[in-house]
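For reference, the structure is listed below as structure tokens.
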Amino acid sequence: MLARLAAALLLVASAASAQTAAIANGPTLTTVRARGQVACGISTGDPAWSQPDSRGEWQGMDADFCRAVAAAVLGDGSRVAWHPLTGQNRFPTLATGQIDLLSRTTTWTYLRDATNGLNFAAPNFFDGQGFLVRADSGVQHANQLDGSSICFTSASTHELNLQDWSRANNIRFTPVIFADKDEARRSYEAGRCDSFTGDAAQLAAIRAALPNPEQHILLPERISKEPYAAAVRHGDDQWFDIVKWVAYGLIEAEELGITRANVDEMLNSPRPAIRRLLGVNGDLGPAIGLDRRWIYNAIKAVGNYGEIYDRHLGANSPVRLPRGLNDLWTRGGMMFSPPMR
């Protein structure tokens, strides 16, 4: 009996060892490590999300998530190969293997998930489509846009949302369509359209970057649900797990009070959850083929989720957008991580 039990335990241990070995040799992780960089798809220029600063370094919520993944996988958040992409070419570029990860204000929808050969990781931002108008237009609500011209970008969720909303509310509009957000922004700024529609947080960031932000207002209505998530290709569950759990790990770090400034001090914390997350105890990192300090490295590179938000959209940014749905679940928001154990 004891001999059979010992043999069974040995079989389980061997299976677990084989599984760990398989995890450690996933195709995307192998390619990324051989290259020494994470190839990350971002936008061609989107304030607060992914846009080069005065030194040519990419900044924003999406850019920092690329850095977090690079830090978790390679131990260095600077090891990112940036690939600016338009709405039209972002999905084909990912599907054909030219990038490892798409982090580009991309809404997770049914058809995008089901038909493009993609997997969407954990939602890292919840938004809704809104409208930006000039303050002197007299427009205060979306239903006053009847008969107006509206700028938006192609190959986005905005066109279908706009059509659904206009039909449901019997509102006529003239579409003014552009290939990328920067072109649409310049056209709105130049007066080629009465309103600029897009996801509200992006519009708030665009407004803050305009020469005279007070001359523009973001209307209060939201006409859609827009959950953002990073995307990876089908076919590599290990890489999907890595990207997904990096997102969750940054949220968990905020909930546990771990910041970029105190992460080294937190290594000495007696709290089991903190010790597991930072790799002092347990094997969270090795379970997906990474170092035990994977989330420690990500936090050290970019901070926790709240720090990233505050830096680019919140209190420490020109946008000053309240957290709202993007606050932690403990404060009434929707951001939470499944148990990391």
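The values are calculated or read from the model by the stated rules, or taken from the named source; none is laboratory data. Just so it is clear, the structure is predicted and the values come from calculations on it, not from any experiment. Neighbour counts run over all protein chains shown; Cβ positions are idealised from the backbone, glycine included. Side chains are part of the model used for accessible areas, which takes the heavy atoms of the whole protein and leaves out ligands, DNA and RNA. Shrake-Rupley method; radii C 1.70, N 1.55, O 1.52, S 1.80 Å.
Accessible area per residue for the chain in Å², computed with a 1.4 Å probe and the full protein assembly in place, what is it?
Values: 15310 Å² over 341 residues.
Here the per-residue accessible area is 45 Å².
A crude spin-label estimate for the pair residue 187 and residue 336, with each label 7 Å from Cα along the Cβ direction, gives 4.3 nm.
Subtracting the Cα-Cα distance from 0.36 nm times the residue separation, let me have the gained length for residue 159 to residue 320 in nm, one decimal.
Working: separation 161, 0.36 × 161 = 57.96 nm, distance 2.72 nm.
Full extension of this stretch gives 55.2 nm more.
The angle separating the long axis of helix 2-24 from the principal Cα axis of greatest extent in the chain is about 40 degrees. Kirkwood-type hydrodynamic radius, the range 150-218: 12.4 Å, calculated from all non-identical alpha-carbon pairs.
State which stretch of the chain is the longest one without any exposed GluC sites (Glu not before Pro), exposure meaning a DSSP loop state and at most 16 other Cβ atoms within 10 Å.
On the way: sites that count: 57, 221.
Longest stretch, sites excluded: 58-220.
Rounded to the nearest 10 degrees, the angle from helix 237-256 to the longest Cα principal axis of the chain is 80 degrees.
In a simple Cβ point-charge model (Lys, Arg +1; Asp, Glu -1; nothing else charged), the range 267-337 has a dipole of about 140 debye relative to its Cα centre. To put it simply, the accessible area of the chain at a 1.4 Å probe is 53 percent carbon and sulfur.
Subtracting the Cα-Cα distance of residue 291 and residue 115 from 0.36 nm times their residue separation leaves 60.0 nm of extension gain.
As a check on your grasp of the helix formula, calculate [θ] at 222 nm for the chain: sum -39500 (n - 2.57) over DSSP H runs of n ≥ 4, divide by the residue count, round to the nearest 500.
Values: 13 runs with 136 residues, N = 341.
For the chain, the value works out to -12000 deg cm²/dmol.
Spin-label pair residue 98-residue 215: with each label point 7 Å from Cα along the Cα-Cβ axis, the two points sit 3.7 nm from one another. Between residue 170 and residue 126, the simple label model (points 7 Å from Cα in the Cβ direction) yields a spacing of 3.3 nm. Contact order for the range 142-286, expressed relative to its length and based on alpha carbon pairs under 8 Å spaced 6+ residues apart, stands at 18 percent. Looking at the chain, the DSSP beta bridges with both ends there are about 55 percent antiparallel.
Dividing the mean sequence gap of close Cα pairs (under 8 Å, 6+ apart) by how many residues the chain holds gives a relative contact order of 21 percent.
So, with +1 on the Cβ of K and R and -1 on the Cβ of D and E, and no other charges, what is the size of the charge dipole of the chain about its Cα centre, to the nearest 20 debye? So the dipole magnitude of the chain works out to roughly 660 debye.
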